[in-house]
1. Restricting the range 230-249 to residues that are in contact with a Gly (Cβ under 9 Å, 6 or more places away or on another chain) and either without any contact (Cβ under 8 Å) to a residue 12 or more places away in the chain or surrounded by fewer than 15 Cβ atoms within 10 Å (Cβ to Cβ) (or both), which is farthest from Lys180 (Cα to Cα)?
2. Criterion first (outside any loop (DSSP other than H, G, I, E, B), modelled with pLDDT of 80 or more and more than 24 Å from Gly193 (Cα to Cα)) does Arg121 satisfy it?
3. Go through the range 234-277 and give me each residue that's out of contact with any Leu (no Cβ under 7 Å at 6 or more places or on another chain) and of a type in the set (D, E, K, R).
4. Tell me which residues, restricted to the range 153-169, are within 19 Å of the chain's Cα centre (by Cα) and surrounded by 20 or more Cβ atoms within 10 Å (Cβ to Cβ).
5. Condition first: at pLDDT 90 or above, of a type in the set (Ser, Thr, Tyr) and more than 21 Å from Asp75 (Cα to Cα). Can you find one or more residues in the range 186-200 that meet it?
6. In this structure, is Trp168 closer than 16 Å to Gly251 by Cβ, in contact (Cβ under 8 Å) with a residue 60 or more places away in the chain and part of a strand (DSSP E or B)?
7. Restricting to the range 214-229, name every residue that is surrounded by 14 or more Cβ atoms within 10 Å (Cβ to Cβ), out of contact with any helix residue (DSSP H, G or I) (no Cβ under 7 Å at 6 or more places or on another chain) and of a type in the set (A, V, I, L, M).
Amino acid sequence: MIRMSTGRLVLGAFFLAATSVSAAKPINSLPSSGDEIRFEPESRRITTDVYDYLPSTSNPFVFQRINFGGETAVDSGGLDLFFKPKNFFDIHLDETDLTGHVKQTAVESGSVLLDMNFLLRFLFFKIDVDVSTAAVFRREQATMPLIFKVPLDSKRLLIPGSGALYSWNEQSARITNSAKDCNATSCDFSFSGDLPTAVGNPAPRRFIVQIKIPQKLVVQGFVPELIHDHRELAASKGWPVVRESNKARTGIYFEVSGLGKGQYQIDYNIGLQAPDSR
């Protein structure tokens, strides 16, 4: 019994890491005044003339805040993973259970590279979850490809309602639109919304999150769903409400109960969308 429960926790770790990073087709280029990018090694804060990204201290894939044009677009990013194993008690993990280790950093050619892997902490267990990525931050966007391994068949272990939620508080950004574009090998999902116009520049600005997912994951039900209120999602799945219960959090939810054993890659972009690409 102990062996089975630990296996499920390992499975959960892979899923949790997978939802924290994901990238789609490149965001259209914006007019550039230079490719200056600044990186603070201790806080891992990354700043350009377009955005300011401050990661969480517990997990570098979860942000404390993202600013555009000096204004906070989103803040208080968080990861919540809920498992409903068959014949076992429900499990809840968050970003503090899956800590990221930055193995190497590099600043060159107008970009910052963070090479990372992850360690699961659950009670007194410390489990290497075999998940890694090389996140690249450029002037206009952040790109975070992720390779992860699912060691067990979740269809045999988990019931529906097992999933991962990456959520945040919207400040100046408002995610209002979603789109899906598929080909024979993958699907590109995009979630976008308006930002306030920049001082001295009345042109409309769009905040966009893009996720590229292989068809072999899509057919297993691993697709992103835009959530406008995390409390409504919790109620529909039978989860306890976590984070702030008095304020709605926007997020992206992935159902994981249909995933089979295997190795996968997903990609994630976050940044500004050019006005002519709506």
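The values are calculated or read from the model by the stated rules, or taken from the named source; none is laboratory data. Because the structure is predicted, anything quoted here is derived from the model rather than measured. We place every Cβ from the backbone using ideal geometry, glycine too, and count neighbours over all the protein chains shown.
1. Here the residue is Gly238.
2. no
3. Answer for the range 234-277, where residues must be out of contact with any Leu (no Cβ under 7 Å at 6 or more places or on another chain) and of a type in the set (D, E, K, R): Lys237, Arg243, Glu244, Lys247, Arg249, Glu255, Asp267, Asp276.
4. Once the filter is applied, which keeps residues that are within 19 Å of the chain's Cα centre (by Cα) and surrounded by 20 or more Cβ atoms within 10 Å (Cβ to Cβ), the range 153-169 yields Ser162, Gly163, Ala164, Leu165, Tyr166, Ser167, Trp168.
5. For the range 186-200, residues at pLDDT 90 or above, of a type in the set (Ser, Thr, Tyr) and more than 21 Å from Asp75 (Cα to Cα): present.
6. So Trp168 passes the test.
7. Leu217, Val218, Val223, Leu226
Residues are listed down the side, and each one gets a yes or a no for (1) more than 30 Å from Arg206 (Cα to Cα); (2) modelled with pLDDT under 80; (3) part of a strand (DSSP E or B):
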| position | (1), (2), (3) |
| --- | --- |
| Asn87 | yes, no, no |
| Lys103 | yes, yes, yes |
| Asp115 | no, yes, yes |
| Ser132 | no, yes, yes |
| Lys155 | yes, no, no |
